[in-house]
Amino acid sequence: YEPAAEPAPEPAAEIEAAADGGPGPEWRRADAPVQYAYLDHTADVQLHSWGASLEVAFEQQVLAMMDLITELPTVDADGPEAREVVVEAEGHDLHSLLYNFLDEWLYQFNAELFVCKRVKVLALDRARWAIRSAGVGERFVLGRHPQGTEIKAVTYSAMRVTEEEDRTDVLVIV
C-alpha cells in the first residue's frame, strides 16, 4: 500500500475554535496532504516526512506511522465514533523529543487501539524540549480497518532531522 499524494491545502487555520461558534479548527475537519514516504531498510521501515516547518514534519511522521499500521482512508475522523486525543512529550534534545513524541503516539495505538487520521502540533517548546499535540481518529476495528505493518518500536537508529529555511525533513526507522 502506498499513500496517495494529495494537493497541498490552503494555509492552516488558527488552532482555536471559530469565533462565530462554528466548527473548530480546520485541521480537525480536513485531511493533511501526504508529505511522507516509506524508504527501504533492512528488516524495518524508514519513515521520511517533510513539511514547511518542524511541526508539520513531526505531524507527518505520526500520519506515516498510522498509515503503516492501517490504511488511513479507512479511518473515519468525522463519524460518531471519532474522538480527539491529546499527546504530550518531553525530551532532552531534538532527537529525544521526536522519539518520545512518536513513542507516545504509538502507545495510543498499542494501548487504546486509537488510530490518528489528523494531527496538529499545538505547541513546540525548544527551550524545554516539550511538545503538545492533538489528533482526531477512531478505534481500530479489524474488518473495517485493514491490518498493516506492526510497529514494535520507534528507534534512534539513523534518525535525522534536517531543517532548512523553507523545509524540514525527518527520517525515523520503526
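Here is how the numbers come out for the structure above:
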| read-out | value |
| --- | --- |
| Complete set of residues in segment 115-131 that are touching a Gly at 6+ places or on another chain (Cβ under 6 Å) and either assigned to a strand (DSSP E or B) or within 20 Å of E81 (Cα to Cα) (or both) | V115, C116, K117, V119 |
| Filtered residues of segment 35-66 (kept if acidic (D, E) and more than 18 Å from S133 (Cα to Cα)) | D40, D44 |
| Any hit, segment 28-35, residues being over 29 Å from S157 (Cα atoms), among the aliphatic types (A, V, I, L, M) and modelled with pLDDT under 95 | yes |
| Condition check for I151: under 17 Å from W50 (Cα atoms), β-branched (V, I, T), modelled with pLDDT of 95 or more and buried (at least 16 other Cβ atoms within 10 Å of the Cβ) | no |
| Which numbered condition R126 fails, given (1) over 12 Å from the mean Cα position of the chain (by Cα); (2) under 20 Å from K152 (Cα atoms) | (2) |
| Filtered residue count, segment 159-174, keeping only those that are open to solvent by 60 Å² or more (accessible area, probe 1.4 Å), in contact with a strand residue (DSSP E or B) (Cβ under 8 Å, 6 or more places away or on another chain) and not in a strand (DSSP E or B) | 1 |
| Unmet criterion (only one of (1) outside any loop (DSSP other than H, G, I, E, B); (2) in contact with a strand residue (DSSP E or B) (Cβ under 8 Å, 6 or more places away or on another chain)) for V154 | (1) |
| Residues (open to solvent by 30 Å² or more (accessible area, probe 1.4 Å), in a helix (DSSP H, G or I) and either of a type in the set (S, T, Y) or out of contact with any strand residue (DSSP E or B) (no Cβ under 6 Å at 6 or more places or on another chain) (or both)) located in segment 42-76 | V56, P73, T74 |
| Residue ID - farthest from V45 (Cα to Cα), chosen from residues in segment 77-94 that are open to solvent by 70 Å² or more (accessible area, probe 1.4 Å) and either modelled with pLDDT under 95 or not in a strand (DSSP E or B) (or both) | P80 |
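The values are calculated or read from the model by the stated rules, or taken from the named source; none is laboratory data. Only a predicted model underlies this, so the values are computations on that prediction, with no experimental measurement involved. Neighbour counts run over all protein chains shown; Cβ positions are idealised from the backbone, glycine included. Keep in mind that these areas ignore ligands, DNA and RNA; they rest on the heavy atoms of the full protein, side chains included. Shrake-Rupley method; radii C 1.70, N 1.55, O 1.52, S 1.80 Å.
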